[in-house]
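**Student:** Attaching a single structure in structure tokens format; questions to follow.
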Amino acid sequence: MAERERDSRRGRRRKAASGSRPAREEKAGREKKPKAAPKPRPKARPQSRARTRAGAGTGGAFGMTGTRRAALLAMVVCALALSIAVPLRTYLAQREELRQTTSSQETLRAEVGQLEQRKQQLADPAQVEAEARRRLHYVRPGETPYVVQLPGDAEREQDDRKPAAQPATDKAWYEQLWTSVAAR
């Protein structure tokens with residue numbers, strides 16, 4: 001209401017001032033266009049409406065409520081999780097496989113090193129002869145081999161020659177097969 005009173009006072013002042021001006025302007029030889037009336041200002045909106053438009057829970061960004069925004073956020077998070085899950089699982093599986101392969105390679109390299117060392121040992125003819133004598137009981141021509149038996153060696157040798165299982169009784173071949181399979 002105070003604004004209307006100010007506007008009306010300004011208008012009165014202009015009218016009063018415009019009455020005396022035409023005489024001056026005519027002297028100067030200029031014609032002045034009358035000014036347009038000021039546009040009325042729109043009424044100020046209550047602050048509560050302005051807040052609701054800004055997103056205080058009813059409209060919000062993109063015109064969605066809080067529940068809809070939460071649902072949209074949940075869907076986006078699920079989509080990201082699902083799009084990351086498969087490559088991540090593949091990455092972890094490949095990393096584990098690489099770890100196993102690396103340990104396998106280290107074991108094989110150690111074994112190769114041992115075999116190379118053994119190969120160098122067997123390249124020596126004296127080493128080959130010693131192995132043949134020890135493991136195969138070879139002798140050179142003209143040598144006399146002796147086998148020394150100690151008192152406990154005879155029993156141990158008989159135990160080594162005995163079969164692990166008792167001899168089969170008089171059964172058909174398929175019964176013997178069945179009992180051998182069933183025993184395991």
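**Student:** Roughly how many nanometres apart are two label points built 7 Å out from the Cα toward the Cβ at Ala93 and Ala81?
**Tutor:** With each label point 7 Å from Cα toward Cβ, the separation is 2.1 nm.
**Student:** Could I ask something else about it? Tabulate in residue order the Karplus-calculated ³J(HN,Hα) for the range 94-103, using 6.51 cos²θ - 1.76 cosθ + 1.60 with θ = phi - 60°, rounded to whole Hz; enter x for Gly and Pro.
**Tutor:** Computed from phi, the couplings for the range 94-103 are 5, 5, 5, 5, 5, 4, 5, 5, 5, 5 Hz.
**Student:** Of Val148, Val128, which has the most accessible area with a 1.4 Å probe, and how do the rest follow in descending order?
**Tutor:** Val148, Val128
**Student:** Using protein chains only and a probe of 1.4 angstrom, how many square angstrom of Asp124 are accessible, to the nearest 10?
**Tutor:** 80
**Student:** Let me ask you something else. Label Arg133 and Thr102 with points 7 Å out from Cα along Cα→Cβ: what is the distance between them in nm?
**Tutor:** Rounded to a tenth, the inter-label distance reads 4.9 nm.
**Student:** What accessible surface, in Å², does a 1.4 Å probe find on Arg95, ignoring ligands, DNA and RNA and rounding to the nearest 10?
**Tutor:** It works out to around 110 Å².
**Student:** Another question, if that's okay. Would you calculate the separation in nanometres between label points at Ala37 and Thr179, each defined as 7 Å from the Cα along the Cα-to-beta-carbon direction?
**Tutor:** A separation of 12.7 nm, rounded to one decimal place.
**Student:** Based on the alpha carbons, how large is the Rg to Rh ratio for the range 71-133 when Rh follows Kirkwood?
**Tutor:** 1.61
**Student:** Using each residue's phi in the range 139-153, evaluate 6.51 cos²θ - 1.76 cosθ + 1.60 at θ = phi - 60° and report the 3J(HN,Hα) Karplus result to the nearest Hz, with x for Gly and Pro.
**Tutor:** 10, 7, x, x, 8, 10, x, 10, 10, 9, 10, 8, x, x, 6
The values are calculated or read from the model by the stated rules, or taken from the named source; none is laboratory data. Note that this is a predicted model, so its numbers are computed, not measured. Every residue, glycine as well, gets a Cβ built from its backbone with ideal geometry; the counts of neighbours run over all protein chains shown. Please note that ligands, DNA and RNA were not included when accessible areas were found on the heavy atoms of the full protein model with its side chains. Shrake-Rupley method; radii C 1.70, N 1.55, O 1.52, S 1.80 Å.
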